[in-house]
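Every number in this text was worked out from the coordinates using simple rules, so none of it is lab data. Since we're looking at a predicted model, the values are computed, not measured. Counting neighbours? That spans all protein chains shown, and the Cβs are built from the backbone with ideal geometry, glycine included.
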Amino acid sequence: MKRTISVLGSSGSIGRQTLKVASACGYQVAAVTVNRSVEQAEAQARQFKPKLAVAVDEKAAADLRVRLADTGVKVVSGLEGLLEAASLAEADTVVTAIVGVAGLRPTLAAIDCGKRIALANKETLVCAGELVMARAEEKGAEIIPVDSEHSAIFQCLQGCSRKAVRRLIITASGGPFYGKSRKELSLVTKEQALRHPNWAMGAKITVDSATLMNKGLEFIEAMRLYAIPPERIQIVVHRESIVHSLVEFEDGAVLAQLGSADMCLPIQYALTWPERTPGPAKPLDLLSCPPLTFQKPDSDTFRCLGLALECAKRGGTSTAILNGANEAAVALFLEDKISFLDISRLVETALNRVPVLDAPELDDIFEADRAAREAVYQCVR
Ligand code: MG
């Protein structure tokens, strides 16, 4: 099947790799969206000739409109622009590669139109997973994970009864600071945090990988995607990033998906599923792989992981508070306003200050997100 895709967040790492896959596989692109990266949006619009190009920022959209005046591509801005891109009639699939809780409303809009969601925005499921999954079920929208770990699990589950699953095993690279002590972590710099050993990714997720918050968010994402309780998910550190995750079945069989550390494969699988087609992903050469190793993660030293696991058990709005506080803290860290260890300290403060609601509605989730950010800002003012 030839897909027509809307790419939300097309200037980010996943967005650009999605367009690489689209180009290699001959998919149509119906919409591209950026925040402010007008040069990239212009180049993408000229290459893929989408119906719609969105710059969330108003000024950027005005600039982009002038740049694309000769092309016939419609240019819009703001949240309404994102929602329009998410619900465009021409697209059968929406790739949600926006970073953060900002992806939640556009994801819901795409679900409401019954689109296939190639989900690359884990914060959506972390904050509102139960609501999102229920809405997808109701609307008949397929949610196919792009996150490499969740794609690996999804691939291992093909042809198997979900009832036969005993455990999910999520692998973690351990990030650039694996093995370091709290004392050593107190001295690390932004530049070091942004240097991931195995994956080239955007700044926010790279910092999340360094704090191990990324693995905590992925743990919660897996709970929601696969409707599985936390005690049946295990995280193992696998420094080589070759085994992307595993599923253990009732009979004791463990299936794993292996591959090179190349996001093109999980992106493409989310588009081609249930088919597989040739594509641009780098093949895996087992004979040139290092020995595969597995260790226990250290959620005491990497406090963000410990906090996320506590929220996974607590549920309600705790995961939205965790995520909102983390987004605010990581942004402050990237602006050189706080230290690396301040990230977990501020997230913990927000979790202590903001009350948790059970069985939240969408408004409760946005309020939890707002209150968590506010709690973080209060600590650094
Ligand atoms: Mg991942």
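A few points about this structure:
- Efficiency of FRET between Gln192 and Gln295 - r from beta-carbon atoms, R0 22 angstrom, step 0.05: 0.55
- Full-stretch length increase - Glu184, Lys313 - with 0.36 nm per residue and alpha-carbon distance subtracted: 43.5 nm
- Most positive-pole-ward Cα, Met223, Ile153, Gly179, against dipole of segment 131-241 from beta carbon charges: Gly179
- Ordering of 54-66, 235-247 by burial proxy (mean other Cβ atoms within 10 Å per residue, highest first): 235-247, 54-66
- Antiparallel %, DSSP beta bridges [both residues in the chain], to 5: 25 percent
- Top of Lys163, Lys296, Lys215 by mean-square fluctuation, Gaussian network on the chain, Cα under 10 Å: Lys163
- Panel order for Lys20, Lys204, Lys115, by other beta carbons found within 10 Å of each beta carbon, from fewest to most: Lys20, Lys204, Lys115.
- Relative packing of 266-276, 284-294, 310-320, which averages over residues the other C-beta atoms within 10 Å, highest first: 310-320, 266-276, 284-294
- Multiplying the residue separation of Arg370 and Glu335 by 0.36 nm and subtracting their alpha-carbon distance yields 10.6 nm.
- Counted charge near Ile228, where neighbours are those whose Cβ lies closer than 12 Å (Asp, Glu -1; Lys, Arg +1): +3
- Dipole check for the chain: with +1 at the C-beta of Lys and Arg, -1 at the C-beta of Asp and Glu, and the Cα centre as origin, the magnitude is about 600 Debye.
- Prolate is the label for segment 310-381, because a/c, from the alpha-carbon gyration tensor with a ≥ b ≥ c as root eigenvalues, is 1.5 or above and a/b exceeds b/c.
- In this rough spin-label picture, where each label sits 7 Å from Cα along the Cβ direction, the Ser161-Cys113 distance is 3.8 nm.
- Derived scalar couplings ³J(HN,Hα) [segment 178-188; Karplus, 6.51 cos²θ - 1.76 cosθ + 1.60; whole Hz; x for Gly, Pro]: 3, x, 7, 8, 4, 4, 5, 5, 5, 9, 6
- Surface/4 estimate of mean projected area, convex hull on alpha-carbon atoms of segment 224-381, nm²: 12.8 nm²
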